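This report refers to the structure that appears directly beneath it.
The values are calculated or read from the model by the stated rules, or taken from the named source; none is laboratory data. Only a predicted model underlies this, so the values are computations on that prediction, with no experimental measurement involved. Cβ atoms come from the backbone with ideal geometry, glycine included; neighbour counts cover every protein chain shown. Keep in mind that these areas ignore ligands, DNA and RNA; they rest on the heavy atoms of the full protein, side chains included. Shrake-Rupley method; radii C 1.70, N 1.55, O 1.52, S 1.80 Å.
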Amino acid sequence: MKKINLLTMVAVIALAAGEALALLFLLADWPWRNAPHRAFHLLQMALAIYISFSILSEARTRDTKDGGRTRSLPALLVLLGLVFSWVGDFVNSRLIDLTYILPQQTLLSVPFFTLAHVFYIIVYVRLFRAGPKGVSKSRVIYIKASLVLWPFLAAGLWKVLIPAGGPAAVKWTSLFYALVVTLMMIVSTWVSVSWKAKGFKVTLGGVLFWISDGIIGYYLLRPSTEYATIVIWVTYFAAQLLIMRSTLPLMVDGQPDSSNGCG
């Protein structure tokens, strides 16, 4: 576990240093090259994938002792989610121009991030069910209420962020994705309901991802800025690190470990 904590700290430092340097270049009005910055983003995600693989290895070791898959399956799903996210990040990096396929290249990343969110949702549901007190009546009521709220919250987000009169492909694809990412965020709150304060960091990861994607959606049909890019990456990568570590509570005899938070 010490290795996982150390590598997570390295990832946090890389995030802070990379975006601080980018901000310095912008504030000083120095010549700026997007390609190295975006390539560094991909390297950060590669590090997160490596850490997630280490978590999976630890989970498999503990499951072997217990003769089950209660830890390794969620850890594997998180790893797959990170891998698909990396592919989506590569598309969004524009290191390769794919606008000949679709002018709004960001939309090409939607299938990959959708799959990532599906994996994360499954993990959150499993974490919710593994909570210390199980699935109580009050928690079931919360689930039903949040699912009723879900489409309205997603549609409201989409209505605010996507300007009217845009291309049909953008409108319907962005609405679909708004539904997916909002569901992921809502289900992440279930973990806090089940694990209380010890599930807060898991929920924070879901909320930060939702915020990051909301900013991306806002600039989908509007001119973006390098400052917005920094904010997007900080919220996004922080979210991925928190999601990456979301299965660590299962590592401690099925109980949350408050020392296993990110940062």
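Odds and ends about this structure:
- Residue among Ser109, Ser57 that alone is out of contact with any His (no Cβ under 9 Å at 6 or more places or on another chain), open to solvent by less than 70 Å² (accessible area, probe 1.4 Å), at pLDDT 90 or above and more than 22 Å from Thr8 (Cβ to Cβ): Ser109
- Only one of the numbered conditions (1) open to solvent by 70 Å² or more (accessible area, probe 1.4 Å); (2) in contact (Cβ under 8 Å) with a residue 24 or more places away in the chain; (3) over 23 Å from Arg129 (Cα atoms) is violated by Thr70, and that is (3).
- Of all residues in segment 129-156, those being in a loop (DSSP other than H, G, I, E, B) and of a type in the set (A, V, I, L, M) number 2.
- For Leu80, the criteria (1) in contact (Cβ under 8 Å) with a residue 60 or more places away in the chain; (2) surrounded by 15 or more Cβ atoms within 10 Å (Cβ to Cβ) hold in every case but one, which is (1).
- Residues of segment 214-240 satisfying the condition of being within 12 Å of the chain's Cα centre (by Cα) and free of Cβ contacts under 8 Å to residues at least 60 places away in the same chain: Ile232, Thr235, Tyr236, Ala239
The rows are residues; the columns are (1) in a helix (DSSP H, G or I); (2) in contact (Cβ under 8 Å) with a residue 40 or more places away in the chain.
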| residue | (1), (2) |
| --- | --- |
| Trp158 | yes, yes |
| Pro163 | no, yes |
| Tyr177 | yes, yes |
| Trp190 | yes, yes |
| Ser194 | yes, yes |
| Phe200 | yes, no |
| Thr203 | yes, no |
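- Here is the figure for segment 27-41: residues that are exposed (fewer than 15 other Cβ atoms within 10 Å of the Cβ) and outside any loop (DSSP other than H, G, I, E, B) total 5.
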